[in-house]
1. In region 70-104, which residues are surrounded by 14 or more Cβ atoms within 10 Å (Cβ to Cβ), modelled with pLDDT of 80 or more and more than 14 Å from Thr42 (Cα to Cα)?
2. Among the residues of region 140-163, is there at least one that is of a type in the set (Asp, Glu), touching a residue at least 40 places away in the same chain (Cβ under 8 Å) and in contact with a helix residue (DSSP H, G or I) (Cβ under 9 Å, 6 or more places away or on another chain)?
3. Can you tell me which residues in region 143-157 are among the small types (Gly, Ala, Ser) and surrounded by 11 or more Cβ atoms within 10 Å (Cβ to Cβ)?
4. Inside region 108-119, can you point out the residues that are assigned to a helix (DSSP H, G or I) and either exposed (fewer than 10 other Cβ atoms within 10 Å of the Cβ) or not assigned by TED's automatic domain parsing to the domain that holds Phe91 (or both)?
5. Where residues in region 68-93 are in a helix (DSSP H, G or I) and polar (S, T, N, Q), which of them is nearest to Ala57 (Cα to Cα)?
6. So, in region 121-142, of the ones that are loosely packed, with under 11 Cβ neighbours inside 10 Å and not aromatic (Phe, Trp, Tyr), which residue ends up farthest from Asp79 (Cα to Cα)?
Amino acid sequence: MAESWLKKIWRIKFFKPAFFIIMGLILAFPLFSLTYYSMYRTSTPEFCASCHEIEAAYNDWRTSSHAVNKRGFVADCMDCHLPAPHDTFNFFYAKTAHGLKDVVVHLMGGEYDRAEQRKKAWANIKNDQCLKCHRNILYMPYKRGAMLAHRSVLYARPGYEKSCLECHKPLVHMPKPLYTYGS
């Protein structure tokens, strides 16, 4: 009885690995592309503001120095509220957890206590998240007091650790009536 041509091809030494590699690519490429696309589309401040609970925080951010400054640099939601992207697992975990939490709060229709949520967000922001952008904070030749204060945060003695937000808390997400250009 003659073997079918499919069984003959299957027995060829290099066919099985090639088949599985090609099938892996056919399945993995769309999966990766959809994941990347969804992460990209949900990583903008405008997407965060699409939820009415976050809209007030978004409007406060738009008038802050993190969105409007002399240098034109914009620090968006992810820069402060999520771990650095190079820490891939923690980044994706935190992004997913934050997103699911916000969706559940929105769908449950409960009261959104902005002051309470602000306190929780401030408690979760670590110095490393600030230092992603604010790297050169020890060289301030015309601001000696600020330079010394930053040194006490970066090189804190055991038991005297401080958070960047202890001094810089009112910079973002505080209601302001106007844009303050040049600040």
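The values are calculated or read from the model by the stated rules, or taken from the named source; none is laboratory data. Just so it is clear, the structure is predicted and the values come from calculations on it, not from any experiment. Ideal geometry is used to build each Cβ from the backbone, glycine not excepted, and the neighbour counts take in all protein chains shown.
1. Answer for region 70-104, where residues must be surrounded by 14 or more Cβ atoms within 10 Å (Cβ to Cβ), modelled with pLDDT of 80 or more and more than 14 Å from Thr42 (Cα to Cα): Ala75, Cys80, Pro83.
2. Filtering region 140-163 for residues of a type in the set (Asp, Glu) gives 161.
Those still in the list that are touching a residue at least 40 places away in the same chain (Cβ under 8 Å) too: none.
No; the residues of region 140-163 include none that is of a type in the set (Asp, Glu), touching a residue at least 40 places away in the same chain (Cβ under 8 Å) and in contact with a helix residue (DSSP H, G or I) (Cβ under 9 Å, 6 or more places away or on another chain).
3. Filtering region 143-157 for residues among the small types (Gly, Ala, Ser) gives 145-146, 149, 152, 156.
Ala146, Ala149, Ser152, Ala156 - these are the residues of region 143-157 that are among the small types (Gly, Ala, Ser) and surrounded by 11 or more Cβ atoms within 10 Å (Cβ to Cβ).
4. Initially, region 108-119 is screened for residues assigned to a helix (DSSP H, G or I), giving 108, 114-119.
Passing the criteria: Met108, Ala115.
5. So in region 68-93, the residues in a helix (DSSP H, G or I) come out as 77-81, 88-93.
With the extra rule that they be polar (S, T, N, Q), the set shrinks to 88, 90.
Details: Thr88: 26, Asn90: 24 Å.
Step by step, filter region 68-93, then rank; the result is Asn90.
6. Initially, region 121-142 is screened for residues loosely packed, with under 11 Cβ neighbours inside 10 Å, giving 123, 135-136, 139, 141-142.
So of that shortlist, the ones also not aromatic (Phe, Trp, Tyr) come out as 123, 135-136, 141.
Numbers: Ala123: 15, Arg135: 14, Asn136: 17, Pro141: 27 Å.
The selected residue is Pro141.
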